[in-house]
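FYI, it's all coordinate maths here, none of it is from the lab. This structure is a prediction, so every number in the text was calculated from the model and none was measured. Because the Cβ atoms are built from the backbone with ideal geometry, glycine has one as well, and the counts that use them run over all protein chains shown.
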Amino acid sequence: MRPRHALLAAVMLFQSWRALAGPAEFRQLAHEYYQWRDASYPVATSAAGDHRFDTRLTDYSSREYLRRRQHVSDLLTQVGTLATDGWSKDDRVDLVLFQAELAGADFFGRRLDRESSDPQLYVNESTNSIFTLLQKEYAPRHTRALAATARLEQVPALLGTARVNLTRPVKLYASLAIQAARGGDELYTVSLMTLADELSAAERRRLVTARDRAVKALHQYADWLEEGLGKMPEWQPMGEASYNYLLKRVLLLPFDAHDVAHLGEVELVRYRALEAMLKDPNLASPDPARAKHVPKDEAEFLAAYESHLQEIVEFLRANRLVTIPSYIGPFQIRQLPEAFKPTSPGGFMNPPGVYDQDPGGFYYIPAFNPHSGNFYIRAAIEDPRPILGHEGIPGHFLQISIANHVADEIRRQQGDTVFAEGWALYGEEMLMREGFYPDNSAAQGQILRLSRYRAARIGVDVNLHTGRWSFEQAVNYFMEAGGLDREAAEGEAAGAASSPSQKISYITGKWQIMRLLGRYRDSQGASFRLGAFHDQLISYGTLPLSVIEWLMFDDESSVREALK
């Protein structure tokens, strides 16, 4: 607790700052926050394409993480004192965005307290510290290898700090951390060593020593977690009040938990019925046996995946459905590292970072296996285009690449998952309805199933975090209502428990986009063009759709509803 005189001094400082601060001072404060954040979280900054801090890990000592939390809380209070009389619309929009960003950092820091409850935090820091150095050739291999060595040398101490911090580790999170810590050796022993060919003999010995100690520390950390697993508390929901705060104050959604859950139920019913209306409803479940050609190995599998991207691009251009800027870089498909499999069974997208000089991006897909029961692998073999459109163009890769070029710093720094996932999911169905996929095709069946299981995600996320369902109920719901196999369902449920609200993003964002589309069509009348709507929509950046409604239609009612 702060001393009374310190609290009074802080109040006086805020009051004096409020009297003097205008839009320019506010924007300077935001700029300084981004600089502080980037220095405080060096691994995340490497992932964003800024490599000034590549030799460092985040300091997770209790003194430092508590100091970071307090800094965010103080900034949130400080920004909340601002009087915006006379501010322009753009300045008021950016203030709302920045407050929500701070509210998110505060919520996931102070309220969820992951440093003491989530062992995954420290495994992810270790893994990502190396992963971010391997993704792109932003510097010579020698430079990146030395950075990797420096980071690896810090991993044992990081995991020692984890043992001190984890006073109440959650059993589910610990189980996932154990899988990731034991399953990620190839990242260090194989992938990392591709950087070592330019090292001197002494430098290579130092790298190998640091690598071996880091891997040993990760395995010992997994052993330590496993020894205590039986005494760890079960996963607990945050409760409806906290969940509603997350929806409204952080995500700026004009909905509460009940509204979001109801939306998921409605959309689940719709897509489940649309599957049934296919001439062959089995098309909704991908089957490599129906494919004209099954790749013979991993290399052919990944190459075939990439070859379909140009087909999508040509269709978009021919039908003027979205403008693809000249600065858009290459998009590649890569194999999912084993360390990320527990919570990302379908793989994940790695777009260009906000600071990236390299405009390329990647999609990491699970290892090729023609006999796998995994939905994503089966889908990728039978017809990879729906997932490719979601992850690549017109989906995440295109949208985030454009967002990285937004001139306004506060908007460029935003990463609203509801918009990002909503746009990517919207793009899947948009391509289908614009005629890219034939009726009653495997691709059309995939799109209906993908929307169905993303609707099921809403029920899982809301009911898990508000405390209505157990973890096993969530897994069963994914299988029964979403149509997923057990492997995918368990990974999805684990992801929902680990990342509250992420799973609601797809359908919630898609619904909001379609709501804006109808309104835009009515406002444009005879001059309406679908591609013009798409271009305007994604020109704003990765912003909450309530804010985009304010910018697009000068209507701030949804933002007011979120903040009331």
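Just subtract the alpha-carbon distance of GLN502 and ASP297 from 0.36 nm times their residue separation and send over the number in nm, one decimal.
Between GLN502 and ASP297, full extension yields 70.5 nm more.
Multiply the residue separation of ALA157 and LYS216 by 0.36 nm, subtract the distance between their alpha-carbon atoms, and state the gained length in nm to one decimal. Write down the numbers at each step before the final one.
Working: separation 59, 0.36 × 59 = 21.24 nm, distance 1.22 nm.
Here the answer is 20.0 nm.
Could you list TRP511, TRP87, TRP423 in order of exposure, starting from the residue whose Cβ has the fewest other Cβ atoms within 10 Å?
Working: TRP511 21, TRP87 16, TRP423 26.
Ordered by Cβ neighbours within 10 Å, fewest first: TRP87, TRP511, TRP423.
In the range 299-401, which chymotrypsin sites (Phe, Trp or Tyr not before Pro) are in a loop and have at most 12 other Cβ atoms within 10 Å, using DSSP for the loop call?
On the way: sites: PHE301, TYR305, PHE315, TYR327, PHE331, PHE340, PHE348, TYR355, PHE362, TYR363, TYR364, PHE368, PHE375, TYR376, PHE397; in loops: TYR327, TYR355, PHE368.
Taking the range 299-401 and a limit of 12 other Cβ atoms within 10 Å, the loop chymotrypsin sites (Phe, Trp or Tyr not before Pro) found are TYR327.
Taking a ≥ b ≥ c as the square roots of the Cα gyration tensor eigenvalues, with a/c under 1.5 meaning rounded and otherwise prolate when a/b beats b/c, else oblate, which class fits the range 331-453?
oblate
Excluding same-chain residues fewer than 8 positions from LYS564, which lysines have a Cα within less than 16 Å of its Cα?
List returned: LYS248.
List the aspartates and glutamates whose Cα sits under 19 Å from the Cα of LYS89, skipping any in the same chain fewer than 8 residues away.
Cross-link targets: GLU25, GLU101, ASP408, GLU409, GLU549, ASP554, ASP555, GLU556, GLU561.
Could you derive backbone 3J(HN,Hα) for the range 391-404 from the dihedral phi with the Karplus parameters 6.51, -1.76 and 1.60 (θ = phi - 60°), listing whole Hz in sequence and x where the residue is Gly or Pro?
7, x, 10, x, x, 4, 4, 5, 4, 6, 4, 5, 4, 5
Near HIS258, within a Cβ-to-Cβ distance under 12 Å, what is the net charge of the other residues, with Lys and Arg +1 and Asp and Glu -1?
-3
Hey, if you put +1 on the Cβ of every Lys and Arg and -1 on every Asp and Glu Cβ in the chain, which of GLY160, VAL313, GLY389 ends up farthest toward the positive end of that dipole?
Final value for the positive-end residue is GLY160.
Under 26 Å Cα to Cα from LYS171, which lysines show up? Leave out anything in the same chain fewer than 8 places away.
Straight-distance partners of LYS171: LYS216, LYS231, LYS341, LYS503.
With equal scatterers on the alpha carbons only and no solvent term, can you work out the Debye log10 of I(q)/I(0) for the range 240-510 at 0.15 1/Å?
These q points yield log10 I(q)/I(0) values of -1.18.
Using the 10 angstrom Cβ neighbour count as an exposure proxy, how do ASP485, ASP94, ASP416, ASP85 rank, fewest first?
ASP85, ASP485, ASP94, ASP416
Normalised by the empirical 2.2 N^0.38 Å for globular proteins, what value does the Cα Rg of the range 117-231 take?
1.10
What ranking do HIS262, HIS390 get, fewest neighbouring Cβ atoms within 10 angstrom at the top?
HIS262, HIS390
Taking the simple approach of a point 7 Å from Cα along Cα-to-Cβ for both ARG205 and VAL269, what is their distance in nm?
According to this spin-label approximation, the distance is 7.1 nm.
For the pair GLU434/ALA289, report the inter-label distance in nm, with labels modelled 7 Å from Cα in the Cβ direction.
Calculated label separation equals 3.6 nm.
Among HIS142, ALA196, GLY228, which residue has its Cα furthest toward the positive end of the charge dipole of the range 117-231, with +1 on Lys/Arg Cβ and -1 on Asp/Glu Cβ?
The residue sitting farthest along the positive end of the dipole is GLY228.
Rounded to the nearest 500 deg cm²/dmol, what is the calculated helix-only ellipticity per residue at 222 nm for the chain, with -39500 (n - 2.57) per DSSP H run of length n ≥ 4?
It lands at -19500 deg cm²/dmol.
What does the C-alpha gyration tensor say about the overall shape of the range 436-564? Classify as rounded when a/c is under 1.5, otherwise prolate if a/b is larger than b/c, or oblate.
In terms of gyration-tensor shape, oblate.
Grab the beta carbon distance between GLN310 and ALA83, set R0 = 45 Å, and tell me the FRET efficiency rounded to 0.05.
The pair GLN310/ALA83 has a calculated efficiency of 0.30.
How fast does the chain diffuse by Stokes-Einstein, in µm²/s, taking the Kirkwood radius from C-alpha pairs at 20 °C and 1.002 mPa s?
It diffuses with D of about 86 µm²/s by this estimate.
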